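Chemist: Quick one: the structure is below, and I'll ask about it shortly.
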Amino acid sequence: MLKTENLSKCFGETQAVSDLSLEIEKGEIVGLLGPNGAGKTTTMQMLSGLLQPDSGLVTIEDSSVRDSVSVVFQEVEYSSKLKVREFLHMMAVLNENTSEVDEVVDSVNLRDYLDTFVPDLSGGNKKKLNIAAGMLKDPEYLLLDEPNAGLDPRARKDVRDMIQKFKNDRGVLVSTHSMEEAEKLCDRVVIIEDGEEIVSGSPEELIRNIDAEFIIKAEGDVPSGFESENSEQNDFFEIHTDKPHEVIKQLVESGEMEDLDNLSVEKPGLEDVFFEVTGRRYEKSN
């Protein structure tokens, strides 16, 4: 188990992380969630040993942090004109792990790009290459800082699938500002703000325990017997309900469904958990 106890870090008068305690078991993916500036990257740096905490401990059972943890940060610059094959071989030699290069290449779906120069890769494939480099250390715990930031939906799914495969006998910590990504990827999440934990648990458990409703949206006139929650906007209406199936059934049986366009149903998510705990809407980042 990778564990932190009361981890704290200040930069001048700014409290970046405050008394943060985490546990990451092998075989699970834990999400460290929060808006930009919440303390996620600082926490990752302390967990990896790159930054010393002002107080608190980072421990791993029967091992050292430096030998057991590999961290992949969000921004990695590639200035050298190496091909993917050459870059991975170099990383494998540095980590004394040349026997697993082929396995790692296949796990990140980069075999078709082995002769591509690294700077010429797409953003999604650069992310995969970053993670592959982290995997070549053969770590017990892999720390990923915003692995899906800036990627298109297809690339995000590829990276999610790759992380899911990697967790089989290892622990993974993923920092992200995307609540939606965390719901799809993580077994447990820890939501932080201003460096402090505000809530933690499995996404399903956290969402189930809040008082949030489904939102049915559509363009057209508000159906009879319902009130719209967005009266200031006339192009579409919103119906908030904890029984979406009954509402849809009523619209179909009354025939009013035929007069509606672009109908969608939004289920409660981790953004609603954030609102329930803080009283504020979650600020999405680009």
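Values quoted throughout were computed directly from the atomic coordinates according to the rules given, and no laboratory measurement underlies them. Since the model is a prediction, treat every value here as computed from it, not as a measurement. All Cβ positions, glycine included, derive from the backbone under ideal geometry; neighbour counts span all protein chains shown.
Chemist: Averaging the inverse of every distinct alpha carbon separation and then flipping it gives the Kirkwood radius. What is it for segment 214-267, in angstrom units?
Modeler: On the way: mean 1/r = 0.0905 Å⁻¹.
Hydrodynamic radius (Kirkwood, Cα only) of segment 214-267 equals 11.1 Å.
Chemist: What percent does the relative contact order of segment 2-206 come to when contacts are Cα pairs within less than 8 Å and at least six residues apart? Don't skip to the end; give the middle numbers.
Modeler: Working: 394 pairs, mean separation 66.4, N = 205.
This gives 32 percent for segment 2-206.
Chemist: Is segment 33-151 best put as rounded, prolate or oblate by its Cα gyration tensor, with a ≥ b ≥ c the root eigenvalues, rounded for a/c under 1.5, and otherwise prolate when a/b is larger than b/c, oblate when not?
Modeler: Note, shape of segment 33-151 comes out oblate.
Chemist: Compare the peptides 43-50, 215-222 by average per-residue count of other Cβ atoms within 10 angstrom and give them in order, highest first. Intermediate results must be reported in sequence, preceding the final value.
Modeler: On the way: 43-50: 21.4, 215-222: 16.9.
Order by mean packing, descending: 43-50, 215-222.
Chemist: Out of [x] 18.5; [y] 17.5; [z] 16.4, which label holds the value of mean projected area of the Cα convex hull in nm² that was computed here?
Modeler: Correct label, based on the coordinates given: [x].
Chemist: Among Thr41, Thr59, Thr176, what is the fewest-to-most ranking by other Cβ atoms within 10 Å?
Modeler: Details: Thr41 18, Thr59 12, Thr176 24.
Fewest-to-most Cβ neighbours within 10 Å comes out as Thr59, Thr41, Thr176.
Chemist: If neighbour count is taken as other Cβ atoms inside 10 Å, put Lys9, Lys126 in order from fewest to most. Working shown, then result.
Modeler: Details: Lys9 22, Lys126 19.
Ascending Cβ contact count within 10 Å gives the list Lys126, Lys9.
Chemist: Here's a follow-up. Considering only Cα-Cα distances, which of the following residue pairs are longer than 29 Å: Lys157/Lys267; Lys40/Lys127; Lys9/Lys126; Lys40/Lys137; Lys165/Lys217?
Modeler: With Cα atoms farther than 29 Å apart: Lys9/Lys126; Lys165/Lys217.
Chemist: What spacing in nm lies between the two simple spin-label points modelled at Lys81 and Asp102, each 7 Å away from Cα in the Cβ direction?
Modeler: Placing both labels 7 Å beyond Cα along the Cβ direction yields 3.1 nm.
Chemist: Same structure, new question: Counting helices only, and only those DSSP H runs with n ≥ 4, report the 222 nm mean residue ellipticity of the chain as the sum of -39,500 (n - 2.57) divided by its residues, in deg cm²/dmol to the nearest 500.
Modeler: Working: 10 runs with 91 residues, N = 286.
Taking each H run of at least 4 residues, the total per residue is -9000 deg cm²/dmol.
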